[in-house]
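Any read-out appearing in this document is the output of simple, stated calculations on the displayed coordinates, not a laboratory observation. For clarity, every value in this text was computed on a predicted model and none was experimentally measured. Positions of Cβ are backbone-derived with ideal geometry, glycine not excepted, and every protein chain shown enters the neighbour counts.
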Amino acid sequence: MTKFKGIAASDGIAIASAFRLTEPDLSFNKETIKDSDAEIARLNQAIEVSKQELRTIQQRTLKDLGRHEAEVFKAHIAILSDPELLKRIKTMIETRHVNAEYALKNVSDSYIQIFNSMTDNDYLKQRSTDIKDVMKRVLSHLLGVPLSDPALIDHQVIIIAHDLTPSDTAQFVPNYVKGIVSDMGGRTSHSAIMSRTMEIPAVVGFQGSLADIKDGDPVIVDGLTGNVIVKPTADERQAYHEKQRQYQQRNEQLGAFRNAATTSSDGKHPIIAANIGTLDDLQAAIDNGAEGIGLFRTEFLYMDSDKLPSEEAQFNVYKTVVQKMAGKPVIFRTADIGGDKDLPYLHTPHEANPFLGYRAIRMSLDQPDVFRTQLRALIRASAFGNLSIMFPMIATVTEFKHAKRIFEDERTKLVAKDIPVGNIKLGIMVEVPAAALLADQFANVVDFMSIGTNDLIQYVMAADRGNRRISYLYQPYNPAVLRLIKSVIDACHDNGTPAYMCGEMAGDQKAIPILVGMGLNEFSMSATSILKSRALIKELDSREMVTLANKTVSLASTSQQVLKYVHQALEKP
Amino acid sequence: MEKRQYNITAETGIHARPATLLVQTASKFNSDITLEYQEKSVNLKSIMGVMSLGVGQSASVTITADGDDEKEALDAITETMKSEGLTD
């Protein structure tokens, strides 16, 4: 038995065998071979096995995930059926008497080079990734080193991975992937957010060495505490089965809160809303009893495509969301793209400092055509429900006014064409410290503010939230962060403007008591956090929480002290 | 030997799905089929070859088929070009 520690990233407990999703060692030497016929036969065999595997994966993906996801494997099969490619590899083996591994790598590299040199064609640049992937598969069969294929999983597993990419998670079959362990990132990393969306227990920022976990090892993932146990004893297994049962029981009890309004013990009604990015997430938000959508991340529409989404395509998605929410408020954030969320088809230059660079509203104001298309789609959708719009990364009042002018312009044009338009509220994300410090001025011009804590914390602490070596600086409970948040909420309320929050902090069970005390009007969080947060708020007396909030911003000097105050406030007398 | 010329009108040129379908169509025939663009010529049955030409919008390409089913091959290819919106 070995016990490891990590960061609890997604609630729940999973017990299953390890499946390592890691890069295999595919190194080889250039060799001179005597029998080129035998070498070609070996190559043919490896290609045949690879093609069979790809057909299985393609069919599985098609059945479980859909046509779009399966398309890439079809392209892989097409590459392995290419007569020219195969001829070149075989000719090289015959005339230069090199081993199949070397010939395969040499020929595929020459294609990759051609594709990469087509600087004006992003599609082809991406195809070079396909060639690399498919060659890796053939190479693994030549070398007899197995590749780890998430799409081939056919039993319950815990995924052990350095980091997960969206294309990895896209291949997960939900019934088989029971838990995730990753040694990268924090609670806001891609792996963590995906695991919460898929409701899979996960531990990230794993502090041991992933190499110590072997394929097939029994593993326990405790997404509640961040513990990972490899090869547990019988006693531990039993203890965790019991903990798992209690967790499920608690979840069932929480079901009672699904259709209840959020109410504190003294009768205050903050709203609990959900953060979503796709129509799939919408269903989870409704199932968990969201009272609204506090953040719809529209950038997914841009990222899941190889070109800009049309006005019509966007309109249909926005309309569906507000219709399904049936009158409950939905806040759409205009595209937060650029920077680390790079879109190849937009040709944005690479930047040394993407988090401080050309992204979000900065890009929208600079490329107003893309922005206007999105605004038209949103304005048209507003006729079908309760729709608000907020702009991301606003740093100055001028930026907001500029964005608002463009919005008004599009709105007027649509109204002139007799297109029905609803009553739309306009707000900003408060994530740049400059906007937070000037909240009183913003409160005069916006309809609402939503504090985006994920970015706000990293900007206040000057610490990249994806960098594990400085992850200790990502401190939501730091008094500096809390003071800034309180000043934003106070500035809003002094002007009669509602204050919302849509970062991870809004669903954090230790932060909620403080935020209730600060009088936050809306908590927008991952769908899976809604019920437990509603249950927590029911136990809180907002007047006591005001005292707690004041104590944290006036007396505390460290995060630890803040947590101590929270702990004391929640203890029953 | 049969030879035909096409003007590519598709905004994205020949790549992605249309390229794969073109290769699939060509592969059904016995004839040797080549695609010629800017003095470079590739086997139309090779997806890597077709993509490596990087044929863009308003390009003029020549497709040549040589073999016992050359006419049928070019008819089928023309059909695919049209149905995929590569040419008018």
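Measuring from label point to label point, each 7 Å out along Cα→Cβ, what is the A:Thr233 to A:Asp154 span in nm?
With each label placed 7 Å out from Cα toward Cβ, I get 3.7 nm.
Return the tail of the calculated pair distribution for region A:216-368, meaning the percent of Cα-Cα pairs more than 17 Å apart.
The calculated P(r) of region A:216-368 puts 74 percent of pairs beyond 17 Å.
May I ask which residue of B:Ala73, A:Ile337, A:Ser50 lies farthest towards the positive end of the charge dipole of the protein assembly as shown, with charges of +1 (Lys, Arg) and -1 (Asp, Glu) on Cβ and the Cα centre as origin?
Farthest towards the positive pole: A:Ile337.
Lys and Arg at +1, Asp and Glu at -1: add these up for the other residues within a Cβ distance under 11 Å of A:Gln207 and post the number.
Within the 11 Å Cβ shell, the charges total +2.
So how strong a dipole does the protein assembly as shown carry about its Cα centre when Lys and Arg Cβ are +1 and Asp and Glu Cβ are -1, to the nearest 20 debye?
I would put it at about 1760 debye.
Quick one: which of A:454-465, A:243-254, A:306-317 comes out on top by average Cβ neighbours within 10 Å, and what's the full order, highest first?
A:454-465, A:306-317, A:243-254
Please compute the average number of Cβ atoms from other chains found within 10 Å of each residue's Cβ in peptide B:51-62.
3
Report, to the nearest 10°, how far helix A:368-381 tilts away from the longest principal axis of the Cα atoms in chain A, using its own Cα long axis and a range of 0 to 90°.
Roughly 60 degrees, rounded to the nearest 10.
Kindly express, to the nearest 10 degrees and within the range 0 to 90, the angle between helix A:311-324's C-alpha long axis and the longest C-alpha principal axis of chain A.
Around 60 degrees separate the two axes.
Any idea what log10 I(q)/I(0) is at q = 0.13, 0.14 Å⁻¹ for region A:268-541, Debye with uniform C-alpha scatterers and no solvent?
Debye intensities relative to I(0), on a log10 scale: -0.85, -1.00.
Under the definition of Cα pairs under 8 Å and six or more residues apart, what whole-number percent is the relative contact order of region A:36-143?
33 percent.
Provide the packing ranking of A:48-55, A:494-501, A:366-373, A:177-184, i.e. peptides ordered by the mean count of other C-beta atoms within 10 Å per residue, highest first.
A:177-184, A:494-501, A:48-55, A:366-373
Just the projected area, averaged over all directions, of the convex hull on the alpha carbon atoms of region A:390-454: how many nm²?
Orientation-averaged projected area of the Cα hull: 4.5 nm².
Which of these, B:Glu36, B:Glu72, B:Glu11, has the largest mean-square fluctuation under a Gaussian network model of chain B (Cα springs below 10 Å)?
Answer for the Gaussian network model of chain B: B:Glu11.
Relative to the compact-globule scaling 2.2 N^0.38 Å, provide the ratio for the alpha-carbon radius of gyration of chain B.
With N residues counted in chain B, Rg over 2.2 N^0.38 Å equals 0.94.
For region A:370-436 and region A:249-327, what is the centre-to-centre distance using only Cα atoms, to the nearest Å?
Region A:370-436 and region A:249-327 have Cα centres separated by 19 Å.
For chain A, what is the mean residue ellipticity at 222 nm derived from helices alone (per DSSP H run of n ≥ 4: -39500 (n - 2.57); sum divided by total residues; nearest 500 deg cm²/dmol)?
-15000 deg cm²/dmol
What FRET efficiency do you get for A:Arg67 and A:Val421 if R0 is 30 Å and r is their Cβ-Cβ distance, rounded to the nearest 0.05?
0.30
With the dipole of the protein assembly as shown worked out from charges on the C-beta (+1 for Lys and Arg, -1 for Asp and Glu) around the Cα centre, which of A:Leu555, A:Gln314, A:Val138 lies farthest toward the positive end?
Toward the positive end, the furthest listed residue is A:Leu555.
What do you get for the angle between helix A:559-570 and the principal long axis of chain A? Use alpha-carbon atoms, 0 to 90 degrees, nearest ten.
Tilt of helix A:559-570: around 60 degrees.
Once you order the gyration tensor axes a ≥ b ≥ c over the Cα atoms, which shape class does region A:36-143 get: rounded for a/c under 1.5, otherwise prolate or oblate by comparing a/b with b/c?
oblate
Over 49 Å, how big is the tail of the calculated P(r) for the protein assembly as shown, in percent of all Cα pairs?
That tail contains 23 percent of the Cα-Cα pairs.
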